[in-house]
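The values are calculated or read from the model by the stated rules, or taken from the named source; none is laboratory data. Being a predicted model, the structure only gives us computed values, none of them experimental. Ideal geometry is used to build each Cβ from the backbone, glycine not excepted, and the neighbour counts take in all protein chains shown.
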Amino acid sequence: MLHLHQRKRKMLKRKSKEKESTPVDFKYHELEILKELEQYIESTYGQHYVDIEKDIQIQDVFDSIGISEDFARGCAIKYLIRFGKKDGKNPKDLLKAMHYLVLVYHYAFKKGNTL
């Protein structure tokens, strides 16, 4: 006879398998927003190069002097604070903030493959 916690664990595993096959109905348009963010980030490539031929962006320079994560965090904060104050609720401010948050995530977790 299975203990209660073992039965509960098996039931939870079964429910999580059911959820994997059921598509999520994102209530707050998260996938649409992420797609918009992806398009925005793609549009920024080519705008921030220090040396296009060597594929060096300004973030690479910041990384080489050890300030990339802090710089990206500061920029994210700047655009979050600016949202709603300069040019009203400009969606570009939030896209910029989210882009910088992606960079913070990269420098905090992905760069050294620590995830």
Any residue at all in the stretch 71-79 that's closer than 22 Å to Lys111 by Cα, among the small types (Gly, Ala, Ser) and more than 19 Å from the chain's Cα centre (by Cα)? no
Subset tally (residues that are part of a helix (DSSP H, G or I) and either farther than 18 Å from Gln39 by Cβ or in contact (Cβ under 8 Å) with a residue 60 or more places away in the chain (or both)) for the stretch 92-115: 10
With the condition kept exactly as written, say whether any residue in the stretch 53-60 is in a helix (DSSP H, G or I) and closer than 15 Å to Lys111 by Cβ. yes
Subset of the stretch 80-101, residues aromatic (Phe, Trp, Tyr), more than 18 Å from His48 (Cα to Cα) and under 17 Å from the mean Cα position of the chain (by Cα), comes to none
Conditions first: (1) within 26 Å of Lys35 (Cβ to Cβ); (2) surrounded by 10 or more Cβ atoms within 10 Å (Cβ to Cβ); (3) out of contact with any helix residue (DSSP H, G or I) (no Cβ under 9 Å at 6 or more places or on another chain). Cys75 passes all but one, so which condition is the exception? (3)
For the stretch 43-69, how many residues meet the condition of being touching a residue at least 40 places away in the same chain (Cβ under 8 Å) and of a type in the set (A, V, I, L, M, F, W, C)? 0
Specify which of the listed residues (Lys85, Lys89) is surrounded by 10 or more Cβ atoms within 10 Å (Cβ to Cβ) and outside any helix (DSSP H, G or I). Lys85
Is it fair to say Tyr40 is at pLDDT 55 or above, under 19 Å from Tyr100 (Cα atoms) and of a type in the set (Phe, Trp, Tyr)? yes
Scope the stretch 6-37; condition surrounded by 11 or more Cβ atoms within 10 Å (Cβ to Cβ) and at pLDDT 90 or above; matching residues: Phe26, Ile33, Leu34, Lys35, Glu36, Leu37
Looking at Asp70, Asp63, which one is part of a helix (DSSP H, G or I), surrounded by 13 or more Cβ atoms within 10 Å (Cβ to Cβ), of a type in the set (Asp, Glu) and modelled with pLDDT of 90 or more? Asp63
